[in-house]
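Single-structure report; data block below.
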Amino acid sequence: MYEAKRCKWVNMNNPVYINYHDSEWGRPCYDDAYLFEMLVLESFQAGLSWECILNKREAFRSAFDKFDYKKVAQYTDEKIEELANNADIVRNRLKIKAAVRNAGVFLSVQKEFGSFSNYIWGFTGGRQVINRDGAVRGDSSLSDAVSKDLKKRGMKFVGSVIIYSFLQAVGVIDDHEPDCFCCHPAKEM
């Protein structure tokens, strides 16, 4: 029986991880709701494994009102406390507060650019960055620029490494390994 080749980082014992790799990671996304979800999840990953966050994704969705950024931007101290006591998610108060702050900045970016998608894809002129050399990257000049701009706008937990992972997750950067079955040509807006 033929087994499709995937990127080496995929834990082949975790169906959630396999599905994420096969159906989401590296695929261009222009939906602001999904972009916000991935931005929050990537910021929670700081210091942890992506697999840990992915395994808690449904709990995060429930706890954060399905990542409705308009609601998250309005979270009160009581809601933050509730989240900090939720054992099903990562209970880091700084990351929780950052998610609330980042939701407000996200809304400001939408207002300025028409959508967060327009903003994030504007860094590449609407083109996907394709890396097929097999090199493992943690950041780039692109993630440096996006991180710097998001920090200037007031976002937290958006360092270059986190942003590089975010850009990979939402398909602005496609780092699928050359022999991975998910390799595909660049797609433009």
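If Val136, Val161 are ordered by their accessible area, calculated over protein heavy atoms with a 1.4 Å probe, which sequence runs from highest to lowest?
Val136, Val161
With runs of 4+ DSSP H residues as the only contributors, calculate the mean residue ellipticity of the chain at 222 nm using -39,500 (n - 2.57) per run, divided by the residue total and rounded to the nearest 500.
Only helices count here, giving -15500 deg cm²/dmol.
Give me the percent of Cα-Cα pairs in the chain that sit more than 23 Å apart, rounded to a whole number.
For the chain, the share of Cα pairs beyond 23 Å comes to 41 percent.
Averaging sequence separations of C-alpha pairs under 8 Å and six or more residues apart, then dividing by the length of the chain, give the relative contact order as a whole percent.
RCO, the chain: 32 percent.
Tilt of helix 32-45 relative to the longest C-alpha principal axis of the chain, in degrees (0 to 90, nearest 10)?
Value to nearest ten degrees: 90.
Suppose every K and R has +1 on its Cβ and every D and E has -1 on its Cβ; what is the size of the dipole of segment 1-159 about the Cα centre, in Debye to the nearest 20?
380 debye
If you take the beta carbon distance between Val16 and Ala87 as r and set R0 to 25 Å, what does 1/(1 + (r/R0)^6) give as a FRET efficiency, to the nearest 0.05?
Given R0 = 25 Å and the Cβ-Cβ separation, E is 0.85.
Let me cross-check Ser23: its accessible surface, 1.4 Å probe, with only protein heavy atoms counted, in Å² to the nearest 10?
Here the residue's solvent-accessible area equals roughly 60 Å².
Viscosity 0.890 mPa s, temperature 25 °C: what is the translational diffusion coefficient of segment 49-137 from Stokes-Einstein with a Kirkwood Rh over Cα pairs, rounded to a whole number of µm²/s?
Result for D is 163 µm²/s.
Considering only protein heavy atoms, what per residue accessible area in square angstrom results for the chain with a 1.4 angstrom probe?
50 Å²
Could you pull out every residue, at least 5 positions away or on a different chain, whose amide H is within less than 5 Å of the one on Ile173? Hs are placed 1.01 Å off N in the peptide plane, and Pro or chain starts have none.
The list, which skips near neighbours in sequence, is Val129, Gln168.
Probe radius 1.4 Å, ligands and nucleic acids ignored: give me the carbon and sulfur share of the accessible area of segment 66-175 as a rounded percent.
The computed percentage sits at 48.
Please give the peptides 148-154, 167-173, 117-123 ranked by average Cβ packing (other Cβ atoms within 10 Å per residue), highest first, as a rough proxy for protection.
Result, highest mean first: 167-173, 117-123, 148-154.
HN-Hα J couplings of segment 6-12 from phi, Karplus 6.51/-1.76/1.60, θ = phi - 60°, integer Hz, Gly and Pro as x?
Per-residue couplings from phi come out as 10, 4, 5, 6, 6, 6, 6 Hz.
The values are calculated or read from the model by the stated rules, or taken from the named source; none is laboratory data. Nothing here was measured: the structure is a model prediction, and the numbers come from that model. Heads up, the Cβs are rebuilt from the backbone with ideal geometry, glycines too, and the neighbour counts pull from every protein chain shown. Calculation scope for accessible area: heavy atoms of the full protein, side chains included, ligands and nucleic acids excluded. Shrake-Rupley method; radii C 1.70, N 1.55, O 1.52, S 1.80 Å.
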